[in-house]
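Asks: Got a structure for you, written out below as structure tokens; questions coming shortly.
The values are calculated or read from the model by the stated rules, or taken from the named source; none is laboratory data. Here the structure is a predicted model, which means the values were calculated and not measured. Cβ coordinates were reconstructed from backbone atoms using ideal geometry, including for glycine residues, and neighbour counts include every protein chain displayed.
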Amino acid sequence: MMTTLTEKRRGIQISDQGQLVLWMLGLLVVVFVVLSITNDTFLSIGNLRNVVNQNAPLIMVAMPVTLLMITGNFDLSIGGVIGMGGVICAYFCQSPVQGGAGLPYWVAVIIALAACTGMGWLNGFLIVRLGVASVIATLGTMSIARGIAFVGASGSFVELGVPDVFKVLGRTEIGGAVSLMILFMVTSVVVFLFIQSQTVFGQKVFL
């Protein structure tokens, strides 16, 4: 009888990681309660939609970083690479009058994706082939990407001469309620969960 009770007690024990998740969820609930009491508009639909819309890019970036962390690696360069990609895309589709290349938007997107992919390849080469620690390697490529972005933007915002299509993803709303960015984020989450749970690649990440 004592053995059975002991086994039951062991069965409901929560791991350290599970306890951390519960503490984080509890803290999140406390923050929501405090903000909803101190600010009347915090729980409004408009405010919650803005919060989700502003954090949609962060959520999409966090998904691939999660896979890296599961494997015991980390990518410090991802913020710098994103900034570099944005500056490169803006430069190549910006009007020549404003100092840009004046290329079609889709060409600028391809060039920016190629540059970001190249930076990712460099990270992989340094870590896998040369055996450099992921934190050290990505810290270096982060500095390179930030430098390229800073020089490309001349240390300022790139706004003038950029085509309107450059702002579609961040500002377009469907039915006046849901932004295109949120729909893109939800689609990315669904695809990520499918890859993680239903593909061989996703399963091997945990090995």
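Asks: Scan region 85-99 residue by residue and report those that are surrounded by 19 or more Cβ atoms within 10 Å (Cβ to Cβ) and not polar (S, T, N, Q).
Replies: So in region 85-99, the residues surrounded by 19 or more Cβ atoms within 10 Å (Cβ to Cβ) come out as 85, 87-94.
Of everything in region 85-99, those that are surrounded by 19 or more Cβ atoms within 10 Å (Cβ to Cβ) and not polar (S, T, N, Q) turn out to be Gly85, Val87, Ile88, Cys89, Ala90, Tyr91, Phe92, Cys93.
Asks: Also: Which numbered condition in (1) under 21 Å from Gly79 (Cβ atoms); (2) modelled with pLDDT of 90 or more is the only one that Ser154 fails?
Replies: Ser154 satisfies all of (1) under 21 Å from Gly79 (Cβ atoms); (2) modelled with pLDDT of 90 or more except (2).
Asks: Here is a follow-up. Which ranges mark the helices (runs of 4 or more DSSP H) fully within region 63-153 that have 3 or more residues being among the polar types (S, T, N, Q)?
Replies: Hits in region 63-153: 134-153.
Asks: Still on this model: Six or more apart or on different chains, Cβ atoms under 7 Å: show the pairs whose first residue is in region 29-42 and surrounded by fewer than 12 Cβ atoms within 10 Å (Cβ to Cβ) and whose second is not small (Gly, Ala, Ser).
Replies: Thr41/Asn47
Asks: Taking Gln198 as the residue in question, decide whether it is of a type outside the set (Val, Ile, Thr), exposed (fewer than 14 other Cβ atoms within 10 Å of the Cβ), over 13 Å from Leu67 (Cβ atoms) and without any contact (Cβ under 8 Å) to a residue 12 or more places away in the chain.
Replies: Considered against the rule, which asks whether it is of a type outside the set (Val, Ile, Thr), exposed (fewer than 14 other Cβ atoms within 10 Å of the Cβ), over 13 Å from Leu67 (Cβ atoms) and without any contact (Cβ under 8 Å) to a residue 12 or more places away in the chain, Gln198 comes out as yes.
Asks: Out of region 101-126, which residues are in contact (Cβ under 8 Å) with a residue 40 or more places away in the chain and either more than 22 Å from Ile144 (Cβ to Cβ) or surrounded by fewer than 19 Cβ atoms within 10 Å (Cβ to Cβ) (or both)?
Replies: Correct list: Tyr105 only.
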